[in-house]
Each structure stands twice: as structure tokens, then as C-alpha cells.
1. How big is segment 159-288 on each of its three principal axes, counting only the C-alpha atoms and giving the largest first in Å?
2. Of Lys269/Lys370; Lys269/Lys364; Lys321/Lys370, which ones are farther than 19 Å apart at the Cα?
3. Can you work out the Karplus-derived ³J(HN,Hα) for every residue in segment 56-61? Use 6.51 cos²θ - 1.76 cosθ + 1.60 with θ = phi - 60°, whole Hz, and x for glycine or proline.
4. Hey, got the dipole for segment 1-77? About the Cα centre, +1 on K and R Cβ, -1 on D and E Cβ, debye to the nearest 20?
5. Which trypsin sites (Lys or Arg not before Pro) from segment 258-316 combine a DSSP loop assignment with at most 16 other Cβ atoms within 10 Å?
6. Karplus couplings for segment 327-342 from phi (6.51 cos²θ - 1.76 cosθ + 1.60, θ = phi - 60°), rounded to Hz, Gly and Pro as x?
7. Please name which of Met41, Ala13, Thr55 has its Cα lying farthest along the dipole of segment 9-56 towards the positive end, using unit charges on Cβ (Lys, Arg +1; Asp, Glu -1) and the Cα centre as origin.
8. Suppose we keep just the alpha-carbon trace of segment 243-314; what are its Rg and Dmax in angstrom?
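Bear in mind that the values in this text are calculations on the coordinates, not laboratory data. Fair warning: this is a prediction, and the values are worked out from it, not measured in the lab. Heads up, the Cβs are rebuilt from the backbone with ideal geometry, glycines too, and the neighbour counts pull from every protein chain shown.
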Amino acid sequence: MSIVPKETVEVIAQSIGINNLSPDAALAVAPDVEYRMREIMQEAIKCMRHSKRTTLTADDIDGALNLRNVEPVYGFASGSPLQFKRAVGHRDLFYVDDKEVDIKDVIEAPLPKAPLDTAVICHWLAIEGVQPAIPENAPVEVISAPSDGKKLEQKDDNLPVDIKLPVKHVLSRELQLYFDKVTELTLSKSDSVLFKEALISLATDPGLHPLVPYFTCFIADEVSRGLNDYSLLFALMRVVSSLLQNSHIHIEPYLHQLMPSVVTCLVAKRLGSRLADNHWELRDFTANLVASICKRFGHVYSNLQSRLTKTLLNAFLDPKKAMTQHYGAIQGLAALGPNVVRLLLVPNLEPYMQLLEPEMLLEKQKNELKRHEAWQVYGALLRAAGHCIHDRLKMFPTFPSPFPTVLKVNARVATASGKRKASLEPLEHQPPLKKIATDGEVDVVMSNSSPSRRQGETGVEASPVDSTIGPSSSSQQMANENTSDGRIKSELRNNQDLKISTALAQVWKDELNSGRVLVSLFELFGEGILSFIPAPEMSVFL
């Protein structure tokens with residue numbers, strides 16, 4: 001028995017104009033209709049599977065009809081499933097609710113755009129966190145649309161287009177609680193032990209990368225709103241430092257959001273609202289933070305340090321800026337290294353000191369607060385210049401202790417130092433200085449305190465008795481050995497003196513500017529700059 005009833009065959013026959021089909025004929029045609037339908041459906045399922053799909057569409061039916069050399073069915077689209085409605089008064093009769101369209105409107109409607117060929121292309125979704133304005137990406141207006149998830153736009157052909165907005169960033173419940181707790185501690189309990197534990201967690205926890213954009217936005221917003229809250233600013237900078245220490249976080253794409261907040265805490269005119277707020281410490285901490293950022297990410301962003309240096313230098317050279325801003329700029333430049341100080345700060349010290357000195361004097365500046373700020377700037381300049389000159393002087397090689405200078409005039413021996421080398425033995429047990437007769441000039445050799453050496457050296461001085469008796473072969477051999485030993489020592493000492501003099505000449509040739517810089521810094525800061533110069537390097541200049 002066929003699953004296609006004869007009534008269905010009669011209805012289809014009536015729809016194509018056959019009104020006198022007998023019931024017996026309809027009953028005989030029904031099994032054949034079922035066979036043909038099964039055959040078409042099996043071919044359509046094959047087309048669906050070859051298309052790597054799990055939903056049968058009208059295109060699959062058309063493909064099966066083409067395989068059987070049957071004309072395809074026109075008027076059906078596979079974009080969306082068909083909507084069937086039940087006919088009124090009939091339980092088993094359904095129809096497709098097609099909208100009636102006026103043929104005149106269809107003819108007068110503009111032609112749609114020609115479809116593009118199927119192709120695969122690639123484009124940038126974002127470059128360093130910034131979405132490029134290209135047709136493939138959703139426009140900014142769409143991204144900032146209401147949170148209903150969809151938006152209708154009118155295109156050039158006045159056809160509504162349903163645009164789906166990007167999916168929202170979803171955080172787990174645990175990460176949301178973690179973020180809320182850390183922000184609460186930062187805002188209200190920055191002095192608590194729990195906040196210190198939170199900083200350690202931020203610096204070591206490997207699963208915090210999804211929270212990085214939220215922390216950067218939080219820090220930027222709170223810095224812009226809380227410039228009068230010193231404790232909040234310090235807590236925020238400590239949070240930044242902890243995030244930078246975490247090796248599991250890829251923070252490079254968010255540096256463009258962090259750097260304005262960090263630089264603000266370095267060169268802002270006013271940080272905190274109370275006189276007791278130690279904003280100098282905050283600026284020092286932020287300067288070290290800026291230096292660590294440049295050291296860690298300078299190879300990733302080649303213009304990071306140059307842009308930051310330009311900003312700090314402009315703040316330092318602007319006479320309209322406050323002393324607190326100058327202090328932050330100096331500390332930031334000093335933290336970037338002695339080469340930055342030597343190239344940017346040192347050449348501008350003399351004109352800047354002419355502007356700074358009146359602010360430091362009680363006779364010219366009656367405001368005690370401004371005078372204190374000027375002295376803070378002076379101290380920052382002194383430290384920066386001192387570390388710079390100390391770094392330059394470290395390039396000098398470490399020379400050994402010089403030998404006693406020997407003056408050879410008319411075979412008379414005179415030393416620059418009359419002191420003898422200290423020893424643990426009593427003075428009476430120390431052997432005297434020995435004179436070794438050579439073919440040329442007379443030299444002085446420090447004798448060894450060992451008995452064997454003393455015995456060999458006493459054999460060198462031939463007494464008149466020995467000369468009359470005649471030296472033995474052993475005494476002649478010992479004398480020759482000591483004479484050759486003295487010559488070897490003299491040659492080694494001469495070579496060492498030559499190397500030292502050559503090194504000194506090279507150092508003075510390459511680093512003569514260091515002496516000039518030291519003289520200029522001494523004229524500006526006086527004896528205060530000498531505390532940064534170690535004794536060996538200072539002895540070279542003195």
C-alpha cells in the first residue's frame with residue numbers, strides 16, 4: 001500500500017487540468033509517485049552530504065532533478081525555511097503563505113546589485129588594538145550601538161539591512177569577583193595587608209589575561225578622576241607595576257592606554273590635595289616604572305622611548321611649567337639612563353640653573369613651599385648629573401698601584417716614596433734594599449723576605465776578600481741568575497708602565513670630554529658633585 005493517498009493524486013490531477021481521473025487510475029498511479037519521490041529524495045540527500053551539510057534545502061532537490069534530467073522546480077528559494085499554514089476547515093490541508101505582489105511594482109523596482117564571485121580574502125580585524133576603517137569591518141557606529149544586539153540600517157538602495165553586533169566579552173563569574181575585589185581594595189583599602197596580597201597575585205597569577213583590558217580602563221578612568229587623591233594614585237601605579245611584572249600577561253596591546261596615566265602621575269602639576277602628601281615619592285616610583293616599561297617593550301615599539309623622552313624634555317624646558325613638573329621630568333629622564341642625561345639634561349643645565357637659583361634664595365623667593373620645590377629640583381639635577389659623570393668615569397680602566405718612582409741621576413738612587421712596604425715581620429728582620437750592578441744605570445729591586453732569596457741576594461755583593469780569593473763556580477752561577485732575574489723584572493715593569501701609559505693616552509684621547517663635563521658640573525654644583533666620583537677616578541683628575 002502506498003503512503004501517497006489516491007486523494008492526493010486526484011488533487012494534483014485537478015490542479016493541472018485533469019478533472020475526469022478515475023479512482024482506479026489514481027490508486028494505480030500512487031505507488032509510482034511514491035517510488036519517484038523516494039528516488040528524488042535519495043539523490044537530494046546525496047547532494048546534501050556532498051555539500052557537507054546536515055539540512056536539506058531546495059537547492060539539493062534541484063540538483064537531484066538535474067541528475068534525473070527533470071526540469072527543476074522554479075519559485076522556491078533556500079534562504080529560509082518555508083512557512084506553511086493550515087487551511088481553514090481542513091485538518092490535513094496546508095499551504096504556503098505567499099505574499100501577493102503587484103507585477104507593476106516588480107517591474108519598476110531597481111535591479112539588485114550583481115552578486116560577487118565566491119572568493120576567500122583576508123583582512124585585519126585590529127592592528128595593535130585599533131580597528132582599521134575598512135569595508136570588511138563593522139563601522140564604529142555599529143559597535144557603539146544600543147545593547148539590543150541588532151540594528152537596522154538603510155543602504156543606498158533603501159533596503160533595510162539587519163546587522164549583528166560583535167559578541168560581548170564574556171567573563172567567568174570567578175574573574176568578575178576577582179576584578180571587583182581588587183578594584184575595591186585599590187579604591188578604599190590600599191594600606192591593608194590584603195591589598196599587598198592582591199598585588200602579589202596580580203604579579204604572579206597566570207589566568208588574569210582576560211582582565212587586562214578591564215584593568216587598563218579602570219586605571220585610566222581613576223587617574224583622570226582622582227588626581228587629588230594621593231593614596232589612590234600610588235595604589236594605581238602599584239597595580240600597573242604588578243601587571244607589568246606578570247610574565248603570563250600579554251600587555252603590549254594595552255600600553256597605549258596605560259602610558260598616558262603613568263606619565264600623568266610623573267609630570268602632573270599637582271598630585272594630591274594635602275601638604276602632607278609625599279608626591280615626590282610617587283614621582284620617583286613612577287619614573288622607575290616608566291624606565292622599566294621602556295626597557296622591556298622598547299624593542300617591540302621602536303618609538304616608545306623617543307616619544308616619551310620628547311614629552312619629558314618639553315616639560316623640563318618649559319619655563320611656564322611648575323617646579324613639580326620639572327622634578328618629574330628630571331626624574332623620568334634620569335631613570336632612562338646616564339646617556340639620556342648626558343645628551344639632553346647636561347647641555348641645558350647652565351641656562352636652567354640661572355632660572356632655578358633665584359627660586360632657591362630666601363631673598364628672592366619668600367614662598368617657603370616654592371623654595372622647597374626648587375631645592376627638590378636642585379637635588380634631582382645633582383643626582384642625575386652625578387650618576388651621569390660617575391658612569392662616564394667608570395669607562396676608565398682600573399690601574400694597578402704604581403711602583404715607587406725611580407729617579408736616576410748620576411748613578412744615585414732616589415725614590416718618590418721613602419716608605420717601605422708594610423710587612424708582618426719586624427722591621428729589623430726585613431732585608432735591606434739591594435743594589436744590583438748592571439752594565440747601565442742603577443736600579444732598585446724590592447727584595448723578597450724568604451731565606452733562599454736573601455741568601456742568593458747576599459751573594460751578589462762581592463766583598464773585597466771574595467775578590468782577592470776568587471769567586472767559586474757556584475757563586476758566579478748564583479750571581480748570573482740574580483742578575484738575569486733583575487733584568488727580567490725590570491723589563492716586565494717597563495712593559496707594564498708602557499701599557500699603563502698607552503691606556504691612559506687612549507682614555508684621555510677618547511674621553512677628554514668627560515673632564516670638561518666634570519669641570520662644568522663642578523662650577524654649577526660645587527663640591528657636591530665630587531661625592532659621586534670614586535677615589536681612583538678622582539685621583540686621576542686631581
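1. That gives 63, 36, 25 Å along the principal axes, largest extent first.
2. Details: Lys269/Lys370 13 Å; Lys269/Lys364 22 Å; Lys321/Lys370 13 Å.
Pairs exceeding 19 Å: Lys269/Lys364.
3. Taking θ as phi minus 60°, the curve returns 7, 10, 5, 5, 5, 5 Hz for segment 56-61.
4. Working: 8 positive and 11 negative charges, 82 e Å.
So the magnitude is around 400 debye.
5. On the way: sites: Lys269, Arg270, Arg274, Arg283, Lys295, Arg296, Arg307, Lys310; in loops: Lys269, Arg270, Arg274.
Sparse-neighbourhood loop trypsin sites (Lys or Arg not before Pro): Lys269, Arg270, Arg274.
6. 4, x, 5, 5, 5, x, 5, 5, 5, 6, x, x, 5, 5, 5, 5
7. Thr55
8. Calculated on Cα positions, Rg and Dmax stand at 13.3, 40 Å.
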